[in-house]
1. If we keep just the residues of region 349-369 that are open to solvent by 20 Å² or more (accessible area, probe 1.4 Å) and under 21 Å from the mean Cα position of the chain (by Cα), which is farthest from ILE77 (Cα to Cα)?
2. Would region 134-144 turn up any residue that is open to solvent by 10 Å² or more (accessible area, probe 1.4 Å), more than 27 Å from LYS345 (Cβ to Cβ), outside any helix (DSSP H, G or I) and not polar (S, T, N, Q)?
3. For SER64, indicate whether it is open to solvent by 10 Å² or more (accessible area, probe 1.4 Å), in contact (Cβ under 8 Å) with a residue 24 or more places away in the chain and closer than 25 Å to ALA265 by Cβ.
4. Go through (1) closer than 15 Å to THR281 by Cβ; (2) over 19 Å from the mean Cα position of the chain (by Cα) one by one and return the number of the condition MET129 breaks.
5. Does MET152 satisfy being touching a Ser or Thr at 6+ places or on another chain (Cβ under 7 Å), farther than 30 Å from ILE329 by Cβ and either surrounded by fewer than 24 Cβ atoms within 10 Å (Cβ to Cβ) or modelled with pLDDT under 90 (or both)?
6. Taking region 155-180, which residues are open to solvent by 20 Å² or more (accessible area, probe 1.4 Å), within 19 Å of the chain's Cα centre (by Cα) and of a type in the set (A, V, I, L, M)?
7. Of everything in region 220-250, what is crowded, with 16+ Cβ neighbours inside 10 Å and hydroxyl-bearing (Ser, Thr, Tyr)? Give them in sequence order.
8. Got a number for residues in region 226-270 being touching a helix residue (DSSP H, G or I) at 6+ places or on another chain (Cβ under 8 Å), modelled with pLDDT under 90 and not in a helix (DSSP H, G or I)?
Amino acid sequence: MVVKFLVDISNFMWGTWMTVFLLGTGIFLSIRFRFMYNFRKIGFHFKNTYGKMFKSGEGTGTVSGFAAACTAMANTIGVGNIGGVATAIVAGGPGAVFWMWFSGLFGMSTKACEIILGQRYRTKYSKSMDEYMCDRSFVMKNALGWKKGAIMLAFACFLLGPWTCAVQTESVTGSLKQAFNLDPRIVVTVLGLTCFVTIFGGLKRISSIMEKVVPFMAMIYILGGLGILVMHITALPEAFFLIIKSAFTPIAGVGGFAGATVRDAMRYGVARGLYSNDAGTGYGIIAHASAKTDHPVRQSSWGWGEVFLDTIVVCSVTAFSIILTNAYIDFPGVDSASLTTMAFKVSYGQLGAWFMAISITVFAWTTIIGMYYSCEKSVNYVFGDTEKNKIATKIYMIYYLFPCIFFYNVKAQSLWAMTDILSAIYILITFIFIITKQKEIMRLFNDFWNRFIPAKERGENVPDVIFGTIEGELE
């Protein structure tokens, strides 16, 4: 009864209206940005993201731009890339992959807007944390002046946010039990303890660990998936055309696959793609607010960098692994991360199952930590830059990990439904910010390309744009 209720709400929230709203807004923003985050300026974005991985960054902030991005990608490169993609294919067919790509491509502009907002309306906490920060509540107050709404939003975020992490532990316990027959209680205990030790160190410890772990784990997983593509290289063109065809025509059931309509493909492709790359959910506001940068729009290059790596690369590796091995057809009833595990097991034998179990564990571990940082900002907003904030933050760590440890055995379907519902709410709030502050976003965007960059190229000493304003003061 509860599962059906959650699924019904999720289906409504992610109905046709949401799909049209998300894709339409992404396309609109891309046009306004003159496609600079989608097709143009790719060289510039690469240079300012992956090209500066090992640099500390120029400008004002708490951590390097790359470290901030890795904290963001700890949220995005996770079980959503493994279990979310598998769920999308099972429910929406191979065509769902196309809509993941499509929504990701135009979601680059949406993510860029979030990053600009986070930099523009961030606040410096000097007394309790020594950290630049921002989240949805800070934007709601600083940009729109909705103080009461900001408090209500902050409470909702830090109370409900941790429960979506049960998706991560469900995937971990299932994969490790399947591969190594490990007791789930032992798994969640170790997972909880290691997460606690990491988040206890605050942003600098979190970002320091993420900038080492996230790139490494992404590369290893990509190589493992590319191995499957090489094994089935002759079938790759056929799989690609199946994805394109299924995105626009219904696909009939075969084997363990029940079939899917075009509406199913769009609905699950967009929803799971969004959960994977977080474009539009507002997490970009949070993660990038702490970054050292000389201009908010320079940091927004990660709007391209994150979505490209997450959706265009990592999600594609998962999708082709499942489709090329026919795992979604040959293993009826298998869903979420377990289906991706079966695809790797078919290709590599038991070694593949072990590899996936470890990959899922590391992905989930980093996502839980990255999500904590996002939820913590809501606590910081409520208690302000005070001693109470220090105490509240430590207590919140225990509450945050509670669902992860004790609700790992809830059905995957209900967990994904809860995650979709919360993501939909976050999206609606974030898009209110983007729409209402579009003039300010475009002011900064045009300032960067029309004044700031030309002056830099002429060798002029251009002042950093602190807090997102030319004058250096928060308006």
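The values are calculated or read from the model by the stated rules, or taken from the named source; none is laboratory data. Just so you know, these numbers come straight off a predicted model, no measurement behind them. Note that each Cβ is placed from the backbone with ideal geometry, even for glycine, and that neighbours are counted across all protein chains shown. These area figures cover heavy atoms from the full protein model, side chains too; ligands, DNA and RNA do not enter into them. Shrake-Rupley method; radii C 1.70, N 1.55, O 1.52, S 1.80 Å.
1. Checking each candidate, the answer is ILE358.
2. no
3. No, not satisfied.
4. (1)
5. Spelling it out, it is not the case that MET152 is touching a Ser or Thr at 6+ places or on another chain (Cβ under 7 Å), farther than 30 Å from ILE329 by Cβ and either surrounded by fewer than 24 Cβ atoms within 10 Å (Cβ to Cβ) or modelled with pLDDT under 90 (or both).
6. LEU160
7. Residues satisfying the conditions are TYR221, SER246.
8. 7
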